[in-house]
Each structure stands twice: as structure tokens, then as C-alpha cells.
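Chemist: Handing you this structure, nothing more for now.
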Amino acid sequence: MERHFDENLQALKYHLMKMSAMAEVMIADAIKAVVERNEAVIPGVYQREEQVNHMQVEIDETCLKLIALHQPAAGDLRFILGAAKANAELERLADESINIVQRAQSLLKEPPLKPFEIIPEMAMIARGMVRDSLHAFVNRNVDLAREVLLRDDRLDDLKEDIAQELTEYMTRDSASVARALNLLLVSRYLERIGDHATNISEVTIFVVEGRDVRHHADQKSEFRI
Amino acid sequence: MRIPPKYTQALAVTVLGAATVFTVVVLVFIIVFVLSKGLPGINGEFLFSAPKDMGRAGGIFPTLVGTVLLPLMAIAIALPLGVGTAVYLTEYTRETRLTQVLRFGTDCLAGIPSILFGLFGFIFFVVMLKMGWCLLSGGLTLAIMVLPTIIRTSEEAIRAVPNSYREVSFSLGATRWETVLKVVLPNALPGIVTGVMLGIGRSIGETAAVIFTAGSALRMPASAFDSVRTMSVHFYILAREGISNEKAYATAAVLIISVLLVNLAAYSMMHRFIARRSR
Amino acid sequence: MSTDPVISVSALDLYYGEFHALKQVPMEVKGRHITALIGPSGCGKSTLLRTLNRMNDLITGVRVSGSILLEGRDIYAPGTDVCLLRKRVGMVFQRPNPFPLSIYDNVAFGLRVAGLRDGHAVEEIVERSLKAAWLWDQLKDKLNQSALELPLDQQQRLCVARLLAVEPEVILMDEPCSALDPIATARIEELMLDLKAKYTIVIVTHNMQQAARISDYSGYMLLGEMIEFGATAGIFTSPKDKRTQDYVSGRYG
Amino acid sequence: MNAEWAIKIAAHDFRVFHGQEESLRGITLNIPANRILGVIGPSGSGKTTFLRALNRLNDLAPATHIDGQVLLDGQDIYHPSFNVVTLRKRVGMLFALPVALPMSIFENVVYGPRLSGVRNRKRLEEIVETSLKAAFLWDEVKDRLTMSGLRLSGGQQQRLCLARVLAMEELEVILLDEPCSGLDPISTAKIEEALTILKAKYTIILVTNNTKQAARVADETAFFLMGDMVEHGPTEKIFTVPDDQRTNDYVTGRFG
């Protein structure tokens, strides 16, 4: 029996996927603005941000309605709570793209500091994490979610590398400080995008297995969110 | 061609109404007929004096007494036996082949013509047990006759008591007997009373079985071993032997009125009982 | 089209003898939607439901004033054909009540009453109705079996099929799931969601969650009054009246 | 998890047969004292059979026999030496449909105490008052105790039935068989409220078709399916992260 309620859950998944695709494009474009110095993509990022905000409100309303009207339990309850959390993370990681674009705008006013190596790689990883964490969420794929958690470490390492490199630039040449700081911030935003994706993956594990893996909470509680 | 529902509805109302009117008219006609013929002959003297000259003159007091005593005796014997049997069959046994055979047997018994009971009573009580024609022989015979009715109606009444009442009682720690006493019988009472009324009605109106077992003596009975004549027997003899049509109708009228009174009394008692329990 | 109210109740008062059971009740039933009536026992929701096909006529001492328009025509106007009204506005009761007949004869009952003699046509309609009530696949091989032998939820769906056979426009349901277990309840609810594509449904339920799950519009009634009526999502997420708020959030008394 | 609560009733591999059919297939379950155990499951899952086995009301059904043990305070209630009448006074029951006996409210409540031989009028009046208060009915009926119980509304009748159970002085365990299935949310809330207070004194076992009700009031929940107990645990666990997929399907309404 295909249930009406299940159709609503399917719709919820679909909207989350759409939102994550949107966020992914935003990250790609924001990085394009930084790396390729492409100014043309910037208005699109702002536009998408508004759309994402809109979708966030809609998804929250859907979650609220499903909880109020259907009083879900067990797996369904965890899924809807998870969806609401993933929704918030997606919105925040979309916001990070806006932050990146803002840095890009001030970077574009000056010549490039150095050829890009690490930031494109970080962007690749972050985008992949966003895509895969959402895939894992909607497809209840715990293995993929765990794998995303591991990728976050690589992102953190890269951020350390670039911080070190940029610190060298700044100590050597005071004229580079402004640009280096901007780039440092971009790396920090990418790292945060990774963190949001990590959170989504943790939510996925909770939704599927009912275990909270945040802060090693699984030793304390089996079923607390 | 189909008749429109509007007309079938009207036709139905007419036919059903006519059937009801016909039934009521027949009933009323019989009662009015008997009462109009009989009432003029009824007065204090008729009711409370002894008959004279085989009933051609005088009253019907001894038959009145017989009519009260005989069914009373029959019910006094049949009620505990019948209700007891019904309780046992419904509450204490599970439905088996035996209970089915028993039920079938009682149903058959209820349908047997009363003359057969009369013959049996005559042979068994009057002749074999040498009790002679007397109140007791008649009472016992009538008791056997009305027993199936009382068993059956009581059984139905007991069965109609919601099982949930029993469960509640058991779940509050009552034994089966406590449950029967406090819950089952009080709630089955209206049905049991109906059975008893049917039994009384049947024994008041009975003639064949009574003539064979209680006799037809026109005296006041002094003990259970005296022969008695009931009103219906009296009426039967008066009418059949052409003794006095006038007295026969008067007797019939008294008979109808007493049946009416007995019924009224029983129902008012029952209603008072129910009202007291469901205030 | 479908958003026009099929039934429009306004200022409806109903008395049982001296008792004022419905007080100036308004209600708009939208076509091809599910409208749910909720409220505590004795609030008048069943009474309101039963005015919609004049089932209350069967009770002596009932007086009704105000208006109930079915597609614009007052169903309490003199000269209204009550039998026709009840064909257009069918009813499903609290306890499944199939006739002690075969499954087939139960569904064909209304058709035969209506005078349909063509065996072929009857067969077709029986099949269509059973399909619409999601019973055809399970029952097609035992149409001659007694309806009383079916499990309760199938009996209830059979009652729905029996109703669908006479092609009503509106289906009234008076706590159709209160005798059923959750699984059976879910089946009936899914059936209702399916049926609303073709029919207008008004349901009375004790079960608030049920109203929340399936209805598009809800009315909360209390002591014969319509306290709040509106879109279900609104009633259950942000009710306007404090009393509605208390009731749907389980704070009563 | 049961460690902190004394075990009131223990079923060991308990089976019930109706004729050839095995209605309960080996239930092993410890029921803690002073807690509410919710029993959920679809019809035919055996939850009601299990409940009725606990005060041996199943005995009344023909062709029923049992296997295994049910221990009440460590004593086997199916042992031949165990007195059924005493058992039922200790283990009271509330049925799905309110069954007020056709007698006055007062007589309904004292039905049990009278059976136990309480004759003192003053004592009976006390029992009536405390029981009706505990069932949240006293205020509504205190002025009309001689009225027939049948004239109360459905919700009031069910509370009367609860008061009647509570009136039994020997009462230790309360069994409830879908006690709110016919009641509106307000009456339901009153019964639920009463139960959460009563558990301080009694052990309560609540069979319900309404999974939300178990979620609201039960401390522990057991899920029955086709005569088996699939899962038993703290209620919050059963309703958030059940171990068994079938439990998850049932509490999310995805069954069948």
C-alpha cells in the first residue's frame, strides 16, 4: 500500500536534493569567482541564495506540518527531524558561498597573489562532501555518510597547509596581507562547508541507525538526538 | 412497468395499517363479546358464593379458588425447576451434544398437546401413585406441562444477559454462583417473568389436562389431596353440557378479567423492580 | 469548479425537544476535498453530519432552522425528495453494517432498490464499485460468500462499495474507523484519500490525529457551536481560537 | 533496565492455545511493579489474550489451554492450588467497552468489596468516595450516587468501571484492555491522567490499539505480533529507535 504520508516524505527528500544541488552550484560559482576571477557569476550566487532561503522556509514548514498532522514516530520521526536539521545545515553552507563571493569581490580589486593550488582542491572536496552527504541522507546510505566524515579530515589538513603558506606570504610581504587574509578566509569558509556536510552525515547516521555519533555521544545515549 | 417508489410506499402503509387494524378489531371483538355477554351476570354473590344445582344457579367461588391454587402450585413447582435447569444449562455446562439433545427435547415437549400430559398425569399420578384426582396431581401435571416453556424462555433471557456483565463480575473476584445471583438472574428477570406469565396463562386456560388429573369436583378443596374444578373446566362443563349459557359467559368474563389482572400485576411488579435498579 | 462549496451550511440551529444541539452553525464543504469535524463527545458534530442527508428526520422531536444548501438548493425546502437526497449524500456508519447477504448482493442492493434489472449492468457496477473500494482483487472469487464473514475493515470497505454503487456525490462518514485496529484504519484512510479525487467527503472523528492526517478542512465544535473552521494545516499548526489550540494540543478540562 | 523496579509479574515461555490454534507462542516478559506497561500490536497479535491470561479470564473460553508459567509475586497463577477468585481480586480489569452493571453508581463501586464481605455502611461509603476520587469521577456524581450507572455518559461509565476496580482492597495489578477505544479525547485524557497517578500504588498493564496512547502514558512498551512478542523496552526507545524493523513499521503506521 503506497501511503499518502510516504508521498509527502518523498517530496521532502526531493526538495532537499534540489536545495543541495543549488548549494553545490553556489559553491562552484563562488570558487570560480575567486580562482578564475570571473565576475559574471557573482550575481547568480546571490540570486540562488535567495532561492535557497525560500526553500529553507518551505522545507521547515513541510516538516512542521508533517509533525503536527501525522505525529510521526520512530524512523519517520527521526527522518523528519533529520530533514529539518539537514535543511538548516544546507542553508548555512549556502551562506558560506555568499561569504566566499564577498571575499572574491574584494580580491578582484587587486592582482592575484599567487597561482591557486590548494583552494580549488578544497572546493572540489567540499562540493563532493555536500553532494555525497545529501545523497547519503536521502538514500539512507550510512557507509557513504561515514566516508564523508573521513573526507573532512583531508579538508582540515589542506586548510592547515594553506594557512601556513599564507602566513609565510604575510610575514614576507606586508602588501600581501589583505589578499592573504581574504584567501585565508575563503579556505576557512570551505572548511566550514565541510563541517556542515559532516553534520549532515552525522544526522544521516542518526536517522538510519538511531545512534547519535556527534561528540562521541554514543557512549552516553542510544536514542537521544 | 415499474411502480414509482412514492406509490409503493403509500401502498405499503395502507396494507400494513389494514393488517394491524384487522388484528386489533378481532381481539377487541372477542373481548367485548365475552364481556358483554358475561358482565351482566357478575356480581359479588356470583363471585363469592358456592354453585348450586351443578352450576345452574349460585356462584363460582370454589372454581375461583381452584383457578388460583392450581396454577400457583404448578408455578411453585415449575419455577425453581425450570429456572434452575436454565441456569445450569447456560452457566454451568458448555454447549455439547447432550445440551443440544436436551434443548431439542424440551422444545418437543412444549409442542405436545396438553391432552397427552393429562393422560400421563392420570396414569402416573392419579392411578400409579394412587394420588387420585386432586390439586397435587393437577399441579404436578401442569408443572410438567409448563416446564419446557419456562426453561426455554429463562434460557433465552439468561443468554440475553450481556456476557460483558459476567466478565466484569468475574474480574471483580466473584464466583460463578455469586455472578448468577447478583448479575445474571436480576437482569434475566423480565424474560423469566414473561416465561412464568406464559406458563400461568397456559395453566389457567388448561382444561383437558386438568379434568384428567385434578378432577372436576365442585367443592371447596380442603387440602392438596382434594379434587378441584378450575374456572375453565367449569366453563367447559357448563357450556358443553348445556347447563347454563348465562353462567358460562359470566365465568368466561371472570376468567378473562383475572388473566388480565394477573398480567398487569406481574408487569407492574417487574417495572417497579427495574425502576428501582436503574434510578 | 471543484473549489465551489458543494454544501453550504449557514446559521443552522437544531433542537432535540428542549435541547439546543446546534447553535448558529456555519460550514462550507468544498467539492472533492475531505472535511473533518472534530470535538469532544456531545459537541454536536455527529448531529451536524446527520443534518446533511436529513438522517435526523428519523428522530422524533427534532427541529431544524437555518439553511443547508446542496449545490445551491436548500435540502430542507418543502417538496425535497428525501430519498433522492440520501442517494446523492450517502453515509458510512461507525460500525460496519453490511446486510446478511452475499458480498455481491450487498453491493447490488442499492441498484436493485433503484430498479436496475439489467443483470449485466449490475455486474459491471458491482465490479467497478468493489474496485474503487479496493476490494475487487481480494474478493472477486468469492462474491457469493456472506458479507458477514469478512474481517471488519473489509466489511467497512464493502459498506463504502455499497454506497459507491449508487453514485453519490457526497459521502458522509460517522467515525468510520472507531471499530477498527490501526492497520485497518490506515487502509480506510488511504481509501478516503483515493476517493476524494471523485467524491466530496465529510467525516466525523473522535480521533484528532485522523482528522489531521487526512482532511483538507477541519471544523472544531464545542457545545453545539462551530468554534473554528478552516484549512486543516492551519487548525493544527496555528489555530486562531484558544479553545481550538487547547483541544488540538491535548489540554482539556 | 528493570533492575531498579521489582518484578511484579513474570511470564516464562507462556503459551495459550485456542483449540488447535496457538494464540500466544511462548511469551517471556518481566513486568515491573509500579510502572505502566503498554502492549501494542495489530488485531490477532495476542495482546488481549495475554492480558486476559493474567487474571485467567481466558479460562472462561471453551477449549483453551495453556503452557508455561505466569508468576505473580513469584507464585504460579496457573498452579492448581492458586485460587482464581483471589487472583481476580488482586488483578483487576478494565474492558474495552465501559460495562456499568445495571445498578446504582454506589452499588457498582461496592460490587467487589461486598463480595469480599465488607458490610459496614460507613466503610462502604468511604470506599466509594476514595475510589471515585481516584478515578476523577467524584465531583461529577457525588450528588447522585443512587442513580443507575447506565445513565452516565460513555466516558463517565469507563471511569466508573475504573473506580469499581480501584474499590477492591486486595487490588495490586490493573489490566486495561483498550480502555479508551470508544471515548473522546477528553475522557481519554482523564483516564490517562488517572493511570499516571495510580501507578504509584499499582502495577498497570495497558493493551491499546492506539500507539500514541502507549507513547503518552506507558513507561515500557511491548510489541506483539501474531502471538509473538517482537520487542519490549522503554517506551521512548520503542518509539524512537526500535531494534526490530517490524516494530518500526508498526509504530510508524507502515504495517500491512
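Chemist: Around C:Pro168, under 11 Å between beta carbons, what's the net of Lys plus Arg minus Asp minus Glu among the other residues?
Modeler: It works out to a net charge of +3.
Chemist: Now for a separate question. How much mean residue ellipticity at 222 nm does chain B get from its helices, if each DSSP H run of length 4 or more adds -39500 (n - 2.57) and you divide by all residues, to the nearest 500 deg cm²/dmol? Don't skip to the answer; put the middle values down first.
Modeler: Details: 12 runs with 198 residues, N = 279.
Value at 222 nm, helices only, nearest 500: -23500 deg cm²/dmol.
Chemist: Would you give the gap between the C-alpha center of the range C:4-44 and the C-alpha center of the range A:109-158, rounded to a whole Å?
Modeler: Between the Cα centre of the range C:4-44 and that of the range A:109-158, the gap is 58 Å.
Chemist: Quick one: which residues, 5 or more positions from C:Lys30 or on another chain, have an amide H under 5 Å from its amide H? H modelled 1.01 Å from N in the peptide plane, none for Pro or chain starts.
Modeler: Those lying under 5 Å, H to H, from C:Lys30 are C:Val6.
Chemist: Can you give the angle from 0 to 90° between the axis of helix C:103-113 and the longest principal axis of chain C, with both taken from C-alpha atoms, to the nearest 10?
Modeler: Approximately 70 degrees, to the nearest ten.
Chemist: I've got another one for you. Rule-of-thumb check for the range C:87-216: C-alpha Rg over 2.2 N^0.38 Å?
Modeler: Expressed relative to 2.2 N^0.38 Å, the Cα Rg reads 1.00.
Chemist: Okay, next question. In the range D:7-251, what is the volume of the convex hull around the alpha carbon atoms, normalised per residue and reported in Å³?
Modeler: 120 Å³
Chemist: In addition: Net charge near D:His65: determine it from the other residues with C-beta under 13 Å of the C-beta of D:His65, scoring Lys and Arg +1 and Asp and Glu -1. Mind dumping the intermediate values first?
Modeler: Details: positive: D:Arg15, D:Arg56; negative: D:Glu21, D:Glu22, D:Asp59, D:Asp67.
For residues surrounding D:His65, the net value is -2.
Chemist: How many angstrom lie between the C-alpha centres of the range D:1-57 and the range D:180-210?
Modeler: 18 Å
Chemist: Where the convex hull is taken over the Cα atoms of the range B:177-220, what is its projected area averaged over directions, in nm²?
Modeler: 4.9 nm²
Chemist: Could you work out how far apart the two model spin labels at D:Lys122 and C:Ala114 are, taking each label as a point 7 Å from the Cα in the direction of the beta carbon, and quote it in nm?
Modeler: 7.3 nm
Chemist: Helix-only estimate, please: 222 nm mean residue ellipticity of chain C, summing -39500 (n - 2.57) across DSSP H runs of length 4 or more and dividing by its residues, to the nearest 500.
Modeler: -10000 deg cm²/dmol
Chemist: What are the membrane-span-like helices in chain B by this rule: whole DSSP H runs, Cα extent along the axis at least 18 Å, mean Kyte-Doolittle hydropathy at least 1.6?
Modeler: Span-like helices here: B:5-38, B:61-87.
Chemist: I would also like to ask the following. Just to be sure I understand the interface: list residues from the range D:218-256 that lose 20 Å² or more of accessible area between the chain on its own and the complete protein assembly, 1.4 Å probe.
Modeler: Going by heavy-atom accessible area, the residues of the range D:218-256 that drop by at least 20 Å² are D:Glu236, D:Lys237, D:Phe239, D:Thr240, D:Val241, D:Asn248, D:Tyr250, D:Thr252, D:Gly253, D:Arg254, D:Phe255, D:Gly256.
Chemist: Now for a separate question. Calculate for chain A the 222 nm mean residue ellipticity that helices alone would give, adding -39,500 (n - 2.57) per DSSP H run of length 4 or more and normalising by residue count, nearest 500 deg cm²/dmol.
Modeler: My calculation for chain A gives -29000 deg cm²/dmol from helical runs alone.
Chemist: Cross-link list C:Lys87/C:Lys142; A:Lys13/A:Lys65; D:Lys8/D:Lys47; C:Lys240/D:Lys237; C:Lys140/C:Lys198: which exceed 25 angstrom alpha carbon to alpha carbon?
Modeler: Numbers: C:Lys87/C:Lys142 27 Å; A:Lys13/A:Lys65 15 Å; D:Lys8/D:Lys47 18 Å; C:Lys240/D:Lys237 35 Å; C:Lys140/C:Lys198 23 Å.
Result: C:Lys87/C:Lys142; C:Lys240/D:Lys237 exceed 25 Å.
Chemist: Show log10 I(q)/I(0) for the range C:72-159 at q = 0.14 Å⁻¹, two decimals, from a solvent-free Debye sum over equal Cα scatterers.
Modeler: Debye curve over Cα of the range C:72-159, log10 I(q)/I(0) at q = 0.14 Å⁻¹: -0.55.
Chemist: Within the set of other residues whose C-beta is less than 9 Å from the C-beta of B:Pro62, count the net charge using Lys and Arg as +1 and Asp and Glu as -1.
Modeler: Cβ neighbours under 9 Å give a net charge of +2.
Chemist: While we're on this one: Once both axes come from the Cα atoms, what is the angle between helix C:182-195 and the longest principal axis of chain C, in degrees from 0 to 90, rounded to 10?
Modeler: 90 degrees
Chemist: Turning to a different aspect of this structure: Return the equivalent ellipsoid semi-axes of the protein assembly as shown as a descending list in whole Å, where each equals the square root of 5 times an eigenvalue of the C-alpha gyration tensor.
Modeler: 78, 35, 24
Chemist: Which whole-number percent is the relative contact order of the range B:44-278 (Cα, under 8 Å, 6+ apart)? Show your work: numbers first, answer last.
Modeler: On the way: 334 pairs, mean separation 62.7, N = 235.
Relative contact order of the range B:44-278: 27 percent.
Chemist: Next question. Below 8 Å between Cα atoms, with a sequence gap of 6+, how large is the relative contact order for chain A in percent?
Modeler: 24 percent
Chemist: For chain A, what is the convex hull (Cα atoms) projected area averaged across all directions, in square nanometres?
Modeler: Average projection, Cα convex hull of chain A: 13.2 nm².
Chemist: Also, quick follow-up: Taking the convex hull of the Cα atoms, report for the range D:147-205 its projected area averaged over all directions, in nm².
Modeler: About 4.3 nm², averaged over all directions.
Chemist: So what does the Cα-only Debye profile of the range D:52-169 read at q = 0.10, 0.16, 0.17 Å⁻¹, as log10 I(q)/I(0), no solvent term?
Modeler: Normalising to I(0) and taking log10 leaves -0.35, -0.79, -0.86.
Chemist: Which FRET efficiency value, to the nearest 0.05, is calculated for D:Leu97 and D:Glu140 with the Förster distance at 22 angstrom and r the Cβ-Cβ distance?
Modeler: With R0 = 22 Å, the Cβ-Cβ based efficiency is 0.65.
Chemist: Any number yet on Rg/Rh for the range A:4-56, C-alpha, Kirkwood?
Modeler: That ratio is 1.17, to two decimals.
Chemist: Semi-axes, largest first, in whole Å: what does sqrt of 5 times each Cα gyration tensor eigenvalue give for the range B:82-173?
Modeler: 34, 14, 11
Chemist: For D:Thr221, which sequence-distant residues (separation of 5 or more, or a different chain) have an amide H within less than 5 Å of its own amide H, given hydrogens modelled in the peptide plane?
Modeler: D:Gly38, D:Gly233, D:Thr235
Chemist: Counting only the heavy atoms of the protein chains, how much of A:Asp173 is accessible to a 1.4 Å probe, in Å² to the nearest 10?
Modeler: So the heavy atoms of A:Asp173 present about 70 Å² to solvent.
Chemist: Probe of 1.4 angstrom, ligands and nucleic acids ignored: what's the accessible area per residue over the range D:7-251, in square angstrom?
Modeler: Accessible area per residue: 36 Å².
Chemist: Now for a separate question. Using the C-alpha atoms of the range D:141-247, what convex hull volume per residue, in cubic angstrom, is computed? Could the numbers behind the result be given before it?
Modeler: Working: hull volume 13.5 nm³, N = 107.
Per-residue hull volume (Cα only) is 126 Å³.
Chemist: Give the carbon-plus-sulfur fraction of the accessible surface of the protein assembly as shown in %, rounded to a whole number; probe 1.4 Å, heavy atoms of protein chains only.
Modeler: Values: 26280 of 45660 Å².
Carbon and sulfur atoms account for 58 percent of the accessible area of the protein assembly as shown.
Chemist: Okay, moving on. Once you keep just the Cα pairs under 8 angstrom separated by 6 or more residues, what percentage relative contact order results for the range A:87-196?
Modeler: Relative contact order here is 45 percent.
Chemist: Additional query: Any idea what log10 I(q)/I(0) is at q = 0.18, 0.29 Å⁻¹ for the range B:219-279, Debye with uniform C-alpha scatterers and no solvent?
Modeler: -0.76, -1.05
Chemist: How many percent of Cα pairs in chain C exceed 24 Å?
Modeler: So the pairs more than 24 Å apart make up 47 percent of the total in chain C.
Chemist: So, one more: Expressed as a fraction of 2.2 N^0.38 Å, the rule-of-thumb size for a compact globular protein of N residues, what is the C-alpha radius of gyration of chain B?
Modeler: Working: Rg = 22.7 Å, N = 279, 2.2 N^0.38 = 18.7 Å.
Cα Rg divided by the expected 2.2 N^0.38 Å: 1.22.
Chemist: Let me ask you something else. Mind giving me the FRET efficiency for B:Glu45 and B:Ala18? R0 is 45 Å, r the Cβ-Cβ distance, nearest 0.05 is fine.
Modeler: 0.50
Chemist: Here's a follow-up. Enter the angle in degrees (range 0 to 90, nearest 10) between the Cα long axis of helix D:185-198 and the first principal axis of the Cα atoms of chain D, meaning the one along which they spread out most.
Modeler: Tilt relative to chain D: about 90 degrees.
The values are calculated or read from the model by the stated rules, or taken from the named source; none is laboratory data. In this text, all values refer to a predicted model and were calculated from it rather than measured experimentally. A quick note on method: Cβ atoms are made from the backbone with ideal geometry, for glycine too, and the neighbour counts reach across all protein chains shown. Remember, those area values only see protein heavy atoms, side chains included, never the ligands or the DNA or RNA. Shrake-Rupley method; radii C 1.70, N 1.55, O 1.52, S 1.80 Å.
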